[in-house]
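Just so it is clear, none of the values below were taken in a lab; they were calculated from the coordinates. Since the structure is predicted, the reported quantities are computational estimates derived from the model, not experimental observations. Because the Cβ atoms are built from the backbone with ideal geometry, glycine has one as well, and the counts that use them run over all protein chains shown.
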Amino acid sequence: MPSPGPDGIDIGPGLGPAADAGRRPGLDRLLSRLRHIVGDAHVVTDPDAMAGFLIDWTGRHRGQADAVLRPRTTDEVSRAVVECAEVDAEICAQGGNTGLVGGSVPPSDRAGSRPRIVISTARMTDIDDVDVIGRCVGVQAGATVEAIDARAGAVGLAFGVDLASRHSATAGGVVATNAGGIRMIRRGNTRAQVLGIEAVLADGRILRRWTSLVKDNVGYDLPGLLTGSEGTLAVITRVLFRLVVPPRASIVAVAAIDRVADAVELIGTAASRGLTVEAAELMTEAGIALVAAHGHRRPTAASGPFYVLLEVSGPGDVESAAVELLQGAGGLIDAVLEPGPARALWGAREAHTETIARSSVTPVVKLDISVPIRALAEVFDELGAVGDRNDSPCRPVLFGHVGDGNIHVNLLDVPPDRVDDLTDRVFGIVTAHGGSISAEHGIGRAKVAWTHLGREAADLATMRAIKGALDPRGVLNPGVLFA
Ligand code: FAD
Ligand code: MLT
Ligand code: ZN
């Protein structure tokens, strides 16, 4: 029986229906009912066709399932979940499968006899007409971030969530993970963009909280609760998103700097001079050298130990204000600036994730932490040194959303039996500084063993009680968030 490896890596065979599928009572009848609901073509059981749905973006997590279901409407999802509930089938909701913590694929083991279905939102891509006056738009869960932003852009508005996975990441996915991303410093996280939600509960009932009202205090904030629930409380089918007014013009600057503290200071100075900080990202020479080796343009002529990318907007002549800002910056080695969107300057930053993934001989250990901004420089130093010890050598590449105190810690070339030890080491540093072990990617399967570091006992018990109330049979994304 396949099981998680000693280092927490899923080593099960994954990638397809298990050979013992015949042991699952009710499976054949379930599949035939699901075919009746969504059509034969959209109940995928062929191992090759299922393969892409059963391995996560990092390549670390491989799952097993009996079928991948591709519904088109909320009603189809609801009817399918009712059928699944009859035989206690487990359900893994999947959007663009760009999640980085293994939550988008089912478990690798098949210890129990329950059927297991992946519900993919790939066909649920409708986007309603934008409500220009109310500045909001309703979308189906499978609409991508890029498509939502394009629809908003057509009427002079923008989607407040943006991230390098925009081409594939979906509405359901960003809501289920409460994604952060590059606009978080300006617009807040995904939860701040959610006005309403429609979701299918574990028994198939449709929960709908759908209002564009700015003020509405009738009871618990259920859309807020489902945001960040990582597929463990319901299958999200539609979302009503707030839209934002984009800046008329922005300037993107990348500066090579001496110290992390210089980046923090630059953000503070920009704000105090009346500039609006639209994005603030930090990179290191290790990351820039890596992406440059993979064909991306180095942002500045002279290199520095650190690089800060700042996008600013504001009243008046933003370019002159940005030049003045950089001229007065502490620790400045070199800088370039371009009017937004400055895709090439952003390119070196946004290429980090993919380049890092391609550059490691073992699946990258991706940790996504946040610390109080005042501790950022010290934590950066300590995290940069985690690979120096002889017992667990590795190549760390750190980057992140510096204005949010969020550092993406990527450890390359980690031998499989050292993953847990290095993770412990990183999380030890983070908790010692009062930080969080998951800033924006969530817990998924990858961080379950460490959740207690971020939440106290009563807090964890309350979360379990909520899970028990909404999903008493534990069929929604088992193994995600809770062991
Ligand atoms: P998936 O990966 O398919 O699923 C993620 C989780 O959401 C799973 O637990 C899944 O079960 C659940 N889920 C998906 N759809 C539904 C649904 N309809 N109902 C219920 N649950 C659902 N993340 C950030 O926060 N900030 C970043 O800046 C960022 N940048 C990235 C850049 C790259 C290049 C990549 C590859 C990833 C990045 N991510 C980032 C991670 C990822 O893109 C986000 O977590 C995103 O929100 C996942 O969306 P998805 O549609 O791919 O979801
Ligand atoms: C990013 O900010 O680019 C992401 O969160 C992805 C990553 O951590 O690699
Ligand atoms: Zn990020």
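The HN-Hα couplings worked out from phi for the range 108-125 by the Karplus form 6.51 cos²θ - 1.76 cosθ + 1.60 (θ = phi - 60°) are 7, 8, 10, 5, x, 10, 6, x, 9, 10, 8, 9, 8, 8, 4, 9, 9, 10 Hz, whole numbers, x standing for Gly and Pro. When each of the peptides 474-481, 35-42 is scored by the mean number of other C-beta atoms lying within 10 Å of its residues, the order from highest to lowest reads 474-481, 35-42. For the range 136-244, report the translational diffusion coefficient in µm²/s to the nearest whole number, using Stokes-Einstein at 20 °C, 1.002 mPa s, and a Kirkwood Rh over Cα pairs. Estimated via Stokes-Einstein, D reaches 156 µm²/s. Kirkwood radius for the chain, taken over all pairs of different Cα atoms as the inverse mean of 1/r, rounds to 23.3 Å.
The convex hull around the C-alpha trace of the range 250-350, projected and averaged over every direction, spans 5.4 square nanometres. Between the range 32-46 and the range 188-257, how many Å separate their Cα centres? Centre-to-centre distance over Cα atoms comes out at 30 Å.
Once the Kirkwood radius over Cα pairs is known for the range 360-458, the Stokes-Einstein relation at 37 °C and 0.692 mPa s delivers a diffusion coefficient of 242 µm²/s. Screening the chain for DSSP H helices whose Cα atoms reach 15 Å or more along their own axis and whose mean Kyte hydropathy is at least 0.5 gives 260-272, 419-432, 457-470. Over what distance in Å are the Cα centres of the range 406-435 and the range 300-345 separated? A separation of 31 Å, based on Cα centres.
Of all beta bridges that DSSP places with both ends in the chain, some 85 percent have antiparallel geometry. Once backbone amide H atoms are built at 1.01 Å from N, ALA143 has ALA171, GLY172 as its partners under 5 Å, excluding neighbours fewer than 5 places away on the same chain.
Summing +1 for each Lys or Arg and -1 for each Asp or Glu, what net charge is found among the other residues whose Cβ lies under 13 Å from the Cβ of THR237? With Lys, Arg at +1 and Asp, Glu at -1, the net is +3. In sequence order, the range 163-169 has phi-based couplings of 7, 5, 8, 3, 5, 10, 4 Hz under the Karplus curve 6.51 cos²θ - 1.76 cosθ + 1.60, θ = phi - 60°, and Gly or Pro positions carry x. With the highest mean first, a sort of the peptides 176-187, 243-254 on other beta-carbon atoms found within 10 angstrom per residue produces 176-187, 243-254. In percent, rounded to a whole number, the relative contact order of the chain is 15, using alpha-carbon pairs under 8 Å and six or more apart.
Put simply, the Cα atoms of the range 389-441 extend 32, 20, 19 Å along their principal axes, the longest span coming first.
Taking all Cα pairs closer than 8 Å and separated by 6 or more residues, the relative contact order of the range 360-458 comes to 37 percent.
The string of couplings for the range 410-416 from the Karplus curve (6.51, -1.76, 1.60, θ = phi - 60°) is 10, 10, 9, 6, 7, x, x Hz, one whole number per residue in order, with x for Gly and Pro.
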